[in-house]
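The values are calculated or read from the model by the stated rules, or taken from the named source; none is laboratory data. As the structure is a prediction and not an experimental result, all values here were calculated from the model. With ideal geometry, Cβ positions are generated from the backbone for all residues, glycine too; neighbour counts draw on all protein chains shown. These accessible areas exclude ligands, DNA and RNA; they are computed on the full protein's heavy atoms, side chains included. Shrake-Rupley method; radii C 1.70, N 1.55, O 1.52, S 1.80 Å.
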Amino acid sequence: AQSVTQLDSHVSVSEGTPVLLRCNYSSSYSPSLFWYVQHPNKGLQLLLKYTSAATLVKGINGFEAEFKKSETSFHLTKPSAHMSDAAEYFCVVSGGNNDMRFGAGTRLTVKP
Amino acid sequence: DAMVIQNPRYQVTQFGKPVTLSCSQTLNHNVMYWYQQKSSQAPKLLFHYYDKDFNNEADTPDNFQSRRPNTSFCFLDIRSPGLGDAAMYLCATSRAGAGYSNQPQHFGDGTRLSIL
């Protein structure tokens, strides 16, 4: 069985400051992990993925995430927030067999 | 660009009147998914097609059906929509099979369904 827990339902940052969105996972297998972003009335866009290669994964729009097996974490970070980063972010775990489990989501607000 | 396209973007139907939502893809992916997403919630998987094989989630109501006439198209049929079925419906695709484990899903922009 596998699951993800997004530790914050809402994160608020000021423009230009760092972003940290936290995700912990549970998996019986060696997992694949993904971060998706969803802007209002849009579908989910893949930001980055971890599939047992490098533990530090770089994604689009300046985001990156680090896989830490000892902490069962896959937190998403960005050094400097932009207004356009305001959106809902989902952490997703997959153990194969097309079985993807979504976290509850974290709403990121960026203040000017 | 290769993509997943959902039509229409917004759909209004009457309580109990059947409605069909459509999804097409140019990615040539062999797996297609339908999700229901309610406000401020994560997407909830309804069912998926792995090639021609239909896989229903255990808690998907019988009111929801799906058809996949070919690789590129997939339809979501709601036979008798209730007020609780108002939601965003997302279609996604992925490639699966030998050499394609844990591939990401690619999403369309969704169809927002309203029930009058």
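Ranked from largest to smallest solvent-accessible area, with a 1.4 Å probe on the protein heavy atoms, B:Ser101, A:Ser27 come out as B:Ser101, A:Ser27.
Rounded to the nearest whole Hz, the Karplus-based 3J(HN,Hα) values (6.51 cos²θ - 1.76 cosθ + 1.60, θ = phi - 60°) of the range B:7-13 follow the sequence 9, x, 6, 9, 9, 10, 9, with x at glycine and proline.
Among the chymotrypsin sites (Phe, Trp or Tyr not before Pro) within the range A:16-112, those in coil by DSSP and having at most 14 neighbouring Cβ atoms inside 10 Å are A:Tyr29.
With a/c under 1.5 counting as rounded, go ahead and sort the range B:1-61 into rounded, prolate or oblate using the C-alpha gyration tensor (a ≥ b ≥ c being the square roots of the eigenvalues; past the cut-off, prolate if a/b is larger than b/c, else oblate). Oblate, because a/c is 1.5 or more while a/b does not exceed b/c. For the range A:16-45, a drop of 50 Å² or more in accessible area on going from the chain alone to the assembled protein chains (1.4 Å probe) is found at A:Asn41, A:Leu44. Taking the alpha-carbon centroid of each part, what is the distance from the range A:1-72 to the range B:1-79 in angstrom? The range A:1-72 and the range B:1-79 have Cα centres separated by 25 Å.
In this structure the amide hydrogen of B:Ser114, modeled in the peptide plane, comes within under 5 Å of the amide hydrogens of B:Gln11, B:Val12, B:Thr13, none closer than 5 places in sequence on its chain. When the pairs A:Lys111/B:Lys38; A:Lys69/A:Lys111; A:Lys69/B:Lys38; A:Lys42/B:Lys17; A:Lys78/B:Lys52; A:Lys49/B:Lys17 are compared against a 30 Å limit on Cα-Cα distance, A:Lys69/A:Lys111; A:Lys69/B:Lys38; A:Lys78/B:Lys52; A:Lys49/B:Lys17 fall above it. Sequence-distant contacts, meaning Cα pairs under 8 Å at least 6 residues apart, place the relative contact order of the range B:21-116 at 32 percent. For the range B:26-82, carbon and sulfur atoms together expose 46% of the accessible surface, with a 1.4 angstrom probe and every protein chain in place.
If only the Cβ of Lys and Arg carry +1 and only the Cβ of Asp and Glu carry -1, the dipole of the protein assembly as shown around its Cα centre is close to 160 debye.
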